[in-house]
Every structure is written in C-alpha cells, then in structure tokens.
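A.B. asks: Sending over a structure as structure tokens; questions will come in a sec.
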Amino acid sequence: MTLNNISMLKSYLKVAVRNLLKRKVYSFINIFGLATGMAVCLVILKYVDFELSYDSFHEKSERIYRVTTTSYQNNEFRAHHVLSGYALGPALKTDIPEVESYIRTHPMYGGAVISYGRESADASSFFEENIQFVDSNFFNVFTYEPIKGNLSKSLEDPNSMVLTEKMATKYFHDDEDPIGKTMTISGGWADHDYTVTAIIENPPGNSHFPFDFIVPIHNLLQGQQYQNDDGWGWNNFITYAELIPNVKPDDMKDKMEAFVKKYRGEEMERYNSRAEMIYQPIEKIHLEPGLANESSETVSINTIYFFIIISIFIMAIAWVNYINLSTARAMERAREIGIKKAIGAYKQQLIGQFLLESIVVNLLGVIIAMVMAVLLLPVLSSIVGKNLYFDFNDPRLWMILGGLFLFGSVISGIYPAFVLSSFNTIAVLKGSGEKAKGGFSLRKTLVVFQFVASMILIAGTFAVYQQITFMRDQDKGLTMDKMLVVKGPKVFEGENFRTRLTTLKDQLTKVPGVTQVATSGAVPGGGYNWGTSIRKDGTDRSEGKNVSIVWVDPDFVKTYDITVLAGRSFNPEITSDMESVLVNEAALKAFDLGSPEEAVTQNVIMGGDTCAILGVLKNYNWNSLKTEHQPWLLRADTISSSAYSLHLTGNNIDDVIDQAEDIYKEAFPGNPFDYFFLDDFFDKQYKAERQFGKIFSLFAVLAITIACLGLWGLASYDTSQKLREISIRKVMGASVNSIVSLLSWQFLKLVIIASAVALPLTWYGINSWLDNFAFRIGLSWDLFVIPVAILTLLALGTVSLHILKGANSNPAKVLRSE
C-alpha cells in the first residue's frame, strides 16, 4: 500500500469519525440498533447450537443408535415407540454382525426412596425419580466424565451404584468419601443395598438421557415379572445399539426384516400386524418428537428453523435502520459530495469512503454486541433452564462475529454508498439535487418490511399466549384445582401393609379442610400403570388396540368429579364391581362399543381375561391438550400405595399440609413426605410451549425496539426536512391538527400496507403452529386486529413527538433561515 493510499485511508477514517460525532443521535441509533440485532442473533444462534448439539459429547455418538419400533395393524399405522423387551439387545448382538454391543436401560418407574446411613442419627433419605438400570458396559459405550472411581469397571458388581456429583453432595458430607459406602433402594423395582463405586460429573444439559443414579440391570431382571417373561412381552426397556465403524442402518435393512420375522413373525401373523425396527441416531433423538413413551425432552426441528428465521428478521431490521437513516441523510451530505467530485474525487473513492463509515459503525456494533450478548444469555438460560455460555475458544463464535461484521458492513453500506456517490456534481452545487432517485421509495419499502416483521412477531406472541392460556383454563373433565397429591410410601416395615394404607387414607380424610381422598397408581399428567392391547369380546385378536390403564380405588371418580355417562363407579362391597373396568368415551369409538348405555352391557378381553364394563366416563384429559382423547381404562383397586389425592377446601392449605405430614410420618416412618399440587404438576406438560412463548416474546420485544429506534430517527429527520413545507402551510392558514394528521398519514399508510402483507403470512404461520395441538384456539378476529392496533400505536407513538414538534415550530424563524 502506497503512502498516498494510507493518507487517503486516514482521511476517510477521520471524516467517518467526524460524521459520527456530528450527528450523535443518529449515530447512536445506528450503532445501538446494529449492536442489539447482532447480540440477539448471537444469542439465538447459541441457543440453536445448543439444541442441535444434543448427545454429541459422546465419543462414539456417530455409532450409537436407539432401536425404535414402528407398528402397523390391519395395514394401519399404530405407533412409533421407543420401548422394547429385554431380549432385543442380546438378540441383535447374536444375529446382526454389524451390532458391536448393546445397552439396555430401564427407568425406575414411579421412583423409589434412597437412603444412606439409615441407622445413624444424621441419616439421609429422599424420594428419587431419576434412577436408571443399565447394562454393565454402559460407561464403555456412553461418555461421562469421572470424578472418582473407575467407570469402565464400576458396574461389574450387580450391587454397585454410580452417583452424579449433585447426588454425592446431597447425601454425603463434604469431608466424606462416598466410594465404598452403602446406599439402600426401597420401594422400587429392585430393592437392595448398593455400594457406591464411582462418582461422575453431572450429565451435560444437552443430553437426552437424564439420571442421578446408575445401577446394574442384573437385579431388575431377577424379579418375578421378568423371570416369567420370554423377553419380548414386557416392553419396559430402551435398547441402544453400538454399530461397528463405517456401518449405516441402511446397510442392515434386509437383515432387520428377517430379524423381525424370526422373533416376532408368529405373533404378528396372529394379530395381522407388522413391525419395522428403526435405528434412530442418538444425535437425532432430541430433534424427533412425537414418539410414543418418549421420556426425554424433545424439540421440533421446525422450532429451530423458526428461531433462525427470527434472528434473520431481527438482523435485517437493524440493517434496514442503517440503510434508511443513511439514505435519509443523503441530502445533508449532497453538497459535501458535490465539492469532492468538483475537485477531482472519483466515484470509487466516494464509495470507499461511505463503505469505510459503514465498517466503523459495524465494528463498534460488533464490540458492543458481544458485551450485550454476554449479558443477555443468562436471561435466555433462565428461561430454558439450561446453562448456556459462550465458549470464546470456539472458532465458530469468531467466524460468526466476523461474518456478521463483514456481511453487515457490505449490506448496510453498499446501497447508501452508491446512492450518495451517484449525485450529479452541478445539480447538488446549485442546490437542485435534493432527491436521490429511488432513495425515498426504497426507504418506504424497507420501513414496510420492518412493520411486517414486527407485526408477525406481535401476532405470534399473542397467539402463543392465548393457546397456553386456553390449554391451562380448558375444562379437562376432572377436578384439578386444590388437589394435593401426596406420594405414597416406598419403605415398608412391619405387616398389614394394605391395612395401614387404608388407615392412612381414613386419617387424611378427617383432616379439617380435606373434602375427599382417593388413592391411585398414577395421577393426571403422570402417565399410566399398564399399557396393553384389548379388544371387544367376540372380535378377532387382530382387532386388539393399545390402551392405557390406571388402577384407582373406589373413591377416585368421586374425588376427581369425573362425569359418569352410563353405569356406575366401583362399589367395594360388590365383588364383581372390583373385577370390572371403567372406560372413557374414546374407548367406545375405538372398540365399536356403541352408545354408553350399550357399552355397559358388554365385555372386553384384556391380557387374556374377560372384564365387564361397569361404567362409561365422559372424556377427560389425563394427558396434555396437545393430544386427542385416547382410549383409557380405570381398573379397581381397594387401595393403592402410589399416590394419595386430597381434594382441599378453604384457605388453610399450609395447616392441612402440616397435619397431613404428621399423620403420614407416624403411619410410615422412614418415608420422606413428598407432595405436589396437581394443577402445577399437570401444567409441566406445557413447559416447552411456555419456553417457546417466553423466548418468542423476548426476541419480539427486542426486534420491535430496534424497529422503533429506526422509525424514531427517520421521523426526526423527515420532519426536519419538511419544516419549510410545514411553515408555508401554517402561513397559508393550516391548523396544527391538520399538519399533524398529514404527517402522521405518511407513516400510517405504511402500517396499512404492512398489515395487508403481514396478515396472510400471520394467518398461515399461526394456523400451522396450532395444527400441533389437538385442542386449540380458533383464528378469531382479535388475533389479527390487536397486533395491527398495537403496531399502529407503537408507530404513531414513536413519531408523534417529532411530528408535534415540527407542527408547532415558528414559521417565521424557519422561513427567515431559508
């Protein structure tokens, strides 16, 4: 580079800094708008990167697959589910050479009580749910960071246990080494004493497989339930396969078809069904929602794409601000350009000068954006409940920053540079080149784009809020308000256990403020006890369909105020009642049982047993309103140890809880008193939607803020350019109100144009999102009118100050200066 070029570059830089300082307000709007846009873009991309990174931390992640099953019956799709029998893994290893190893996992359904030091005064005992049974080679396939112990050998002993760092801290003192200590599992699927053999770091937040305790699967398989099974009947396991290097699932397609036919062919022929086993890449599990029995958190890839689009919108709005304000100020710099051209400046040199100004603004924006992104990320972390952070050693972060800087410098500077450098020298020096051709029409187009983006974001936020409120407030067909659920005891000591359970229920019923008490094997929003195939009595086996079954005591229907359409609920005094079932309306249609009155005269075949239908219940939402009503059965149990549901009245809830805890601990000492309110528990099913709404709202507010900043600056400049016109109108007798109306209309018509463009896009987007819900709001007028009204108020509110200031200006001063 020559000295002349260096001097010219210094001159351009000096002019750029002077122009920024000369118009501080416009410079602030440009820099702050760009910085905010880039910060939001960085935060969104970090969130997207996190969601796409699930399970990639495993060293063998590219070779690990979860084996899922897609089932069909009578040539109709039934389900795509993740559960299998315990025999699947060993059979794959034996029959499929491409399978190097297998891992079976089995959660501690219903949880269990884990105790340490039960005989000591400072014993620790807690109810735990994140307990997983796994094969002994678990840590040879999956990668977790050890803190203490040898992970490769930690599960060789059937009575061993591995803890996460969080659980080690919870149960043991800081100065106590957990290795070699004995912990007891009670009330679970494999009660036993287990020796702690290793401590690992808490599983990363981007793992589809959460756990707090890992124990070998050996003791579980010794239980009577699985000892009497051939390994294919009880589908309670999740099976993973580690394939040999360079093998893909498609390479085994024919072998898998033969495999399914070998082990399931006879059964499928009997039920006129078929099944396909699919190898699901472990890195795709988090991004493929909708699988039956899926217990991990998932997110639709469309949601990821949606947030990427939002980041593009926000960044585009910020760049539009820069372009609008730069072209708006073109008239102010016209004489400067004319003089430079007159003394010999080339067009390329002028373009370089204005691009350099864009580079300076974007460079300042990038620096501020990084600071803002670091401050904004914890807000997003608190919303999603994950520990998100920027890794400054990650080259991708700097590549994104560099890309935003370079692309932003060009995209936001190239048009103003060409517009400003194209002015006619003689015209601008004479003062007649006051309009840049195309500049104002483009500016209006860009403002319309900002309004369209803002309106879509406002409408989307409004729709998400309405849908979540609708699902929360919708009548679910059963009582959830003031329903206190106490988890049943897991530690059993002494005899007459069922009698003591009944006594506990009776004592809880007598607590002031408790109106009804029922026990059940599960509660709404908490899954079911048994999933099996049933059919109407007298039909072929191929007509069987899967249903969910929950065991409840005779007071359950009354306590939850479920409507009985025909028949009656269980009567414990009648033996046949306690051997019958209650079905919901969805089961009538699924099994062709006719009307509710006709159904109570019929039987169903369930697990080889014939059960009479005692009553038909009005459809109730046991699960979230995201799914349709499914066939659901309630079976009778005189008393259940899983959950006590207490329906409360009055406002002395804390007193009721205290009394219930005293009664519970006296009846079953050694059991932690664990409870929750059903409405809060049920609403956890909408966690993903609430997070989506909060994130959407956060970014919508930031996008609208950026747009309003740009509109504020543009209104300020446009009003200042029209002061002579305003003054002439006032001299000719125009009122302040008429001038305000005239100037406001210039922006209001842009809102109208934006509404015409945005409303069809909004309708399509909202309708597509709502299609994911079985129970959804309608596309009512307020979903579209309110966003338009909000945008109109925001636009007019943003420009009104400048318009009023211009309309109230003194025409004498303005015209004298002209």
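A.B. asks: Where the second residue is surrounded by fewer than 19 Cβ atoms within 10 Å (Cβ to Cβ) and among the basic types (Lys, Arg) and the first is closer than 23 Å to Asp540 by Cα and lies in region 571-597, which pairs have Cβ atoms under 6 Å and are six or more apart or on separate chains?
C.D. replies: Ala590/Lys545
A.B. asks: Next up: Considering only helices (runs of 4 or more DSSP H) fully contained in region 291-389, which possess at least 3 residues that are open to solvent by 30 Å² or more (accessible area, probe 1.4 Å) and at pLDDT 75 or above? Lay out the reasoning, then the answer.
C.D. replies: Values: elements: 301-328, 334-342, 347-384.
In region 291-389, 301-328, 347-384 are the helices (runs of 4 or more DSSP H) which contain 3 or more residues that are open to solvent by 30 Å² or more (accessible area, probe 1.4 Å) and at pLDDT 75 or above.
A.B. asks: Go through region 390-437 and report how many residues are part of a loop (DSSP other than H, G, I, E, B) and at pLDDT below 80. Steps first, please.
C.D. replies: So the first thing to find is which residues in region 390-437 are part of a loop (DSSP other than H, G, I, E, B), and the list is 390-394, 422-424, 431-437.
Keeping just the survivors that are at pLDDT below 80 gives 422-424, 431-437.
Residues meeting the conditions: 10.
A.B. asks: Here's another thing I want to ask about it. Note down all Cβ pairs under 8 Å where the first residue falls in region 648-664 and is β-branched (Val, Ile, Thr), the second is open to solvent by 50 Å² or more (accessible area, probe 1.4 Å), and they're at least six residues apart or on different chains.
C.D. replies: Close Cβ pairs (under 8 Å, with a partner that is open to solvent by 50 Å² or more (accessible area, probe 1.4 Å)) amount to Thr649/Lys482; Thr649/Thr515; Ile653/Lys482; Val656/Pro512; Ile657/Tyr675; Ile663/Gln507.
A.B. asks: Same structure, new question: I'm trying to understand the selection: among the residues of region 675-713, which are open to solvent by 30 Å² or more (accessible area, probe 1.4 Å), out of contact with any Ser or Thr (no Cβ under 9 Å at 6 or more places or on another chain) and either aliphatic (A, V, I, L, M) or modelled with pLDDT under 80 (or both)?
C.D. replies: The answer is Leu698, and nothing else.
A.B. asks: Quick check, is Ile639 touching a Leu at 6+ places or on another chain (Cβ under 6 Å) and either outside any loop (DSSP other than H, G, I, E, B) or under 30 Å from Ala599 (Cα atoms) (or both)?
C.D. replies: Here the answer is yes, as Ile639 does meet what is asked.
A.B. asks: Identify all residues within region 642-661 that are in a loop (DSSP other than H, G, I, E, B) and either open to solvent by less than 40 Å² (accessible area, probe 1.4 Å) or hydrophobic (A, V, I, L, M, F, W, C) (or both); write none if there are none.
C.D. replies: If the condition is that a residue be in a loop (DSSP other than H, G, I, E, B) and either open to solvent by less than 40 Å² (accessible area, probe 1.4 Å) or hydrophobic (A, V, I, L, M, F, W, C) (or both), then Gly650 is the only one that fits.
A.B. asks: Which pairs do you get when a residue that is at positive phi and part of a loop (DSSP other than H, G, I, E, B), found in region 91-114, comes within reach of a residue that is buried (at least 22 other Cβ atoms within 10 Å of the Cβ) and among the aromatic types (Phe, Trp, Tyr), reach meaning Cβ atoms under 6 angstrom, with the pair 6+ apart or on two chains?
C.D. replies: So the pair list comes out empty.
A.B. asks: As an exercise: evaluate Ser295 against (1) over 13 Å from the mean Cα position of the chain (by Cα); (2) within 28 Å of Ala258 (Cβ to Cβ); (3) not β-branched (Val, Ile, Thr) and give the number of the one condition it does not meet.
C.D. replies: Just one mismatch for Ser295, condition (2).
A.B. asks: Condition (residue is of a type in the set (D, E, K, R), open to solvent by 20 Å² or more (accessible area, probe 1.4 Å) and more than 33 Å from the chain's Cα centre (by Cα)) applied to region 215-232: is it met by at least one residue?
C.D. replies: Kept after step one, since they are of a type in the set (D, E, K, R), are these residues of region 215-232: 229-230.
Within this subset, residues satisfying the condition of being open to solvent by 20 Å² or more (accessible area, probe 1.4 Å) are 229-230.
Retained after the next criterion (residues that are more than 33 Å from the chain's Cα centre (by Cα)): 229-230.
Within region 215-232 (the criterion being of a type in the set (D, E, K, R), open to solvent by 20 Å² or more (accessible area, probe 1.4 Å) and more than 33 Å from the chain's Cα centre (by Cα)), the answer is yes, since at least one residue qualifies.
A.B. asks: Next question. With respect to the numbered conditions (1) free of Cβ contacts under 8 Å to residues at least 40 places away in the same chain; (2) within 34 Å of the chain's Cα centre (by Cα), which one is the sole condition not fulfilled by Asp609?
C.D. replies: (2)
A.B. asks: Does Thr70 satisfy being modelled with pLDDT of 85 or more and either among the basic types (Lys, Arg) or more than 30 Å from Phe405 (Cβ to Cβ) (or both)?
C.D. replies: When the stated conditions are applied, Thr70 passes them.
A.B. asks: Output the residue which, of all residues in region 766-778 that are surrounded by 14 or more Cβ atoms within 10 Å (Cβ to Cβ) and closer than 13 Å to Val464 by Cα, is farthest from the chain's Cα centre (by Cα).
C.D. replies: Looking at residues that are surrounded by 14 or more Cβ atoms within 10 Å (Cβ to Cβ) and closer than 13 Å to Val464 by Cα, I get Ile777.
A.B. asks: Sticking with this structure for a sec: Are there any strands (runs of 3 or more DSSP E) wholly within region 165-225 with 3 or more residues that are in contact (Cβ under 8 Å) with a residue 60 or more places away in the chain, and if so which? Lay out the reasoning, then the answer.
C.D. replies: Details: elements: 182-186, 192-200, 213-216.
In region 165-225, the matching strands (runs of 3 or more DSSP E) lie at 182-186, 213-216.
A.B. asks: Still on this structure, please answer the following. So which residues in region 451-482 are within 30 Å of Leu646 (Cα to Cα), touching a residue at least 40 places away in the same chain (Cβ under 8 Å) and in a helix (DSSP H, G or I), if there are any at all? Steps first, please.
C.D. replies: First, the residues of region 451-482 that are within 30 Å of Leu646 (Cα to Cα): 467-482.
So of that shortlist, the ones also touching a residue at least 40 places away in the same chain (Cβ under 8 Å) come out as 467-468, 470-472, 474, 476-482.
Across region 451-482, the qualifying residues are Gln467, Ile468, Phe470, Met471, Arg472.
A.B. asks: Go through region 714-765 and give me each residue that's open to solvent by 60 Å² or more (accessible area, probe 1.4 Å), assigned to a helix (DSSP H, G or I), modelled with pLDDT under 80 and over 18 Å from Ala795 (Cβ atoms).
C.D. replies: Gln721, Arg724, Glu725, Ile728, Arg729, Val731, Asn737
A.B. asks: Here's another thing I want to ask about it. Please work out which residue is nearest to Tyr54 (Cα to Cα), limiting yourself to region 390-410 and to residues that are buried (at least 17 other Cβ atoms within 10 Å of the Cβ) and out of contact with any Cys (no Cβ under 9 Å at 6 or more places or on another chain). Can you show your working first?
C.D. replies: Going through region 390-410, the residues buried (at least 17 other Cβ atoms within 10 Å of the Cβ) turn out to be 397, 400-401, 404-405, 408-409.
Checking which are out of contact with any Cys (no Cβ under 9 Å at 6 or more places or on another chain) leaves us with 397, 401, 405, 408-409.
Numbers: Leu397: 18, Leu401: 23, Phe405: 29, Gly408: 31, Ser409: 34 Å.
For region 390-410, the residue satisfying everything is Leu397.
A.B. asks: OK, next. When region 604-624 is examined, which residues are found to be surrounded by 22 or more Cβ atoms within 10 Å (Cβ to Cβ) and part of a strand (DSSP E or B)?
C.D. replies: Within region 604-624, Val604, Ile613, Leu614, Gly615, Val616, Leu617 meet the criteria.
A.B. asks: Sticking with this one: Select from region 489-524 the residues that are closer than 17 Å to Tyr109 by Cβ and modelled with pLDDT under 90 and write down the one among them that is surrounded by the most Cβ atoms within 10 Å (Cβ to Cβ).
C.D. replies: Result: Pro489.
A.B. asks: If you don't mind, there's one more thing I want to ask. Can you tell me which residues in region 63-83 are surrounded by fewer than 18 Cβ atoms within 10 Å (Cβ to Cβ), outside any strand (DSSP E or B) and in contact with a Ser or Thr (Cβ under 9 Å, 6 or more places away or on another chain)?
C.D. replies: Residue satisfying the conditions is Asn74 alone.
A.B. asks: If we scan region 153-163, do we find a residue that is under 17 Å from Glu201 (Cβ atoms) and open to solvent by 10 Å² or more (accessible area, probe 1.4 Å)?
C.D. replies: no
A.B. asks: Could you give every pair whose Cβ atoms fall below 9 Å, whose first residue belongs to region 540-551 and is within 14 Å of Met268 (Cα to Cα) and assigned to a strand (DSSP E or B), and whose second residue is charged (D, E, K, R) and open to solvent by 20 Å² or more (accessible area, probe 1.4 Å), counting only separations of at least 6 or pairs across chains?
C.D. replies: Lys545/Arg78; Lys545/Arg535
A.B. asks: Does Leu52 satisfy being of a type in the set (A, V, I, L, M) and closer than 23 Å to Gly205 by Cα? Can you show your working first?
C.D. replies: Working: of a type in the set (A, V, I, L, M): yes; closer than 23 Å to Gly205 by Cα: yes.
Here the answer is yes, as Leu52 does meet what is asked.
A.B. asks: Quickly run through region 565-585 and pick out the residues that are part of a strand (DSSP E or B), hydrophobic (A, V, I, L, M, F, W, C) and touching a Pro at 6+ places or on another chain (Cβ under 8 Å).
C.D. replies: Of region 565-585, the ones part of a strand (DSSP E or B) are 565-567, 581-584.
From what is left, the residues that are hydrophobic (A, V, I, L, M, F, W, C) are 565-566, 581-583.
Of everything in region 565-585, those that are part of a strand (DSSP E or B), hydrophobic (A, V, I, L, M, F, W, C) and touching a Pro at 6+ places or on another chain (Cβ under 8 Å) turn out to be Leu565, Ala566, Val583.
A.B. asks: Of the conditions (1) open to solvent by less than 30 Å² (accessible area, probe 1.4 Å); (2) in a helix (DSSP H, G or I); (3) in contact (Cβ under 8 Å) with a residue 60 or more places away in the chain, Leu794 clears all except one; give me its number.
C.D. replies: (1)
The values are calculated or read from the model by the stated rules, or taken from the named source; none is laboratory data. Just so you know, these numbers come straight off a predicted model, no measurement behind them. Reconstructed Cβ throughout: ideal geometry from the backbone, glycine too, with neighbour counts over all protein chains shown. Ligands, DNA and RNA are excluded from the accessible area calculation, which covers all protein heavy atoms including side chains. Shrake-Rupley method; radii C 1.70, N 1.55, O 1.52, S 1.80 Å.
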